[in-house]
1. Provide a single number: the residues in the range 78-95 that are closer than 16 Å to residue 111 by Cβ and either polar (S, T, N, Q) or open to solvent by 40 Å² or more (accessible area, probe 1.4 Å) (or both).
2. For residue 118, all conditions in the list (1) under 19 Å from residue 56 (Cβ atoms); (2) of a type outside the set (Asp, Glu); (3) under 12 Å from the mean Cα position of the chain (by Cα) hold save one; what is the number of the exception?
3. Being more than 24 Å from residue 134 (Cβ to Cβ) and in contact with a Pro (Cβ under 9 Å, 6 or more places away or on another chain) is the filter here; which residues of the range 66-116 pass it?
4. Considering only residues that are touching a Cys at 6+ places or on another chain (Cβ under 8 Å) and either in a loop (DSSP other than H, G, I, E, B) or closer than 27 Å to residue 88 by Cβ (or both), which ones fall in the range 24-63?
5. Might you let me know whether the range 148-170 holds any residue that is open to solvent by 60 Å² or more (accessible area, probe 1.4 Å), among the hydrophobic types (A, V, I, L, M, F, W, C) and at pLDDT 85 or above?
6. Go through 71, 46, 12 for me and flag whichever is surrounded by fewer than 19 Cβ atoms within 10 Å (Cβ to Cβ), at pLDDT below 95 and closer than 18 Å to residue 141 by Cα.
7. Residues of the range 127-152 being in a loop (DSSP other than H, G, I, E, B), within 19 Å of residue 63 (Cα to Cα), free of Cβ contacts under 8 Å to residues at least 40 places away in the same chain and of a type outside the set (Phe, Trp, Tyr), which ones?
8. Please enumerate the residues belonging to the range 98-126 that are open to solvent by 20 Å² or more (accessible area, probe 1.4 Å) and in a helix (DSSP H, G or I).
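The values are calculated or read from the model by the stated rules, or taken from the named source; none is laboratory data. All values reported here derive from a predicted model rather than from experimental measurement. FYI the Cβ positions are ideal-geometry reconstructions off the backbone, even for glycines, and counts take in every protein chain you see. Quick note on the areas: whole protein, heavy atoms, side chains included, nothing else; ligands and nucleic acids left out. Shrake-Rupley method; radii C 1.70, N 1.55, O 1.52, S 1.80 Å.
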Amino acid sequence: ATDPSLRARLLGVTEVPDILAQINRLGTLGIEVHAQVVIIPKLNDGPALAKTVHELASCPAVSSIGLVPVGITRYHSCGLRTVTAQEAGQMVAWARGLQRKFRRERGVGLVYPSDEFFLLADQPLPSARAYDGFPQVANGVGLTRLLLADWARARRHFTGGAGPGRPMTLVCG
């Protein structure tokens, strides 16, 4: 979150430096920023997320904004919860609207929801072209699309391919 009080709450501290000033400083040093926003339901989604994305988009140094759902194990004790399928669908729809706007203004989508949102919402992944060169792949945005493309290329090299009587195992991590 770019809002200082919300950011402090998310980080569990009382004071935080101005993240936008830090990002802008990086820009003045010639550093390109690929931001990631970890979405925590009922905490930094909704209006707080819209504000964060708007403010990040206003920073010239920010080249992409990845949106990822919070990852919570069964061992957490922080009172948070994961994103629901319905919330994931809403996130995908919201981000697609932003992408259309940014494509008109900048020629790229700028905001990229992670694969988890599409998979959780049971929606098809975007085409490879929609990822604009995969600037957020290190944050899990587009990895599944790349895996599917790699598999499509690799399976052509198998004589006879997979099918009845010819089981194959695809191992990935």
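1. 3
2. Looking at each condition in turn, residue 118 falls short on (1).
3. If the condition is that a residue be more than 24 Å from residue 134 (Cβ to Cβ) and in contact with a Pro (Cβ under 9 Å, 6 or more places away or on another chain), then 80, 81, 82, 84, 87 are the ones that fit.
4. Correct list: 33 only.
5. Step one: list which residues in the range 148-170 are open to solvent by 60 Å² or more (accessible area, probe 1.4 Å), which gives 148, 150-151, 153, 155-160, 162, 164-170.
Still in the running and among the hydrophobic types (A, V, I, L, M, F, W, C): 148, 151, 158, 162, 168, 170.
Next, only the ones that are at pLDDT 85 or above stay: 148.
Checked against the condition, which is being open to solvent by 60 Å² or more (accessible area, probe 1.4 Å), among the hydrophobic types (A, V, I, L, M, F, W, C) and at pLDDT 85 or above, the range 148-170 yields at least one hit.
6. Working: 46 fails: closer than 18 Å to residue 141 by Cα; 12 fails: closer than 18 Å to residue 141 by Cα.
Criteria check complete, one pass: 71.
7. Of everything in the range 127-152, those that are in a loop (DSSP other than H, G, I, E, B), within 19 Å of residue 63 (Cα to Cα), free of Cβ contacts under 8 Å to residues at least 40 places away in the same chain and of a type outside the set (Phe, Trp, Tyr) turn out to be 133, 142.
8. Correct list: 98, 99, 100, 101, 103, 104, 105, 106, 116, 119, 120.
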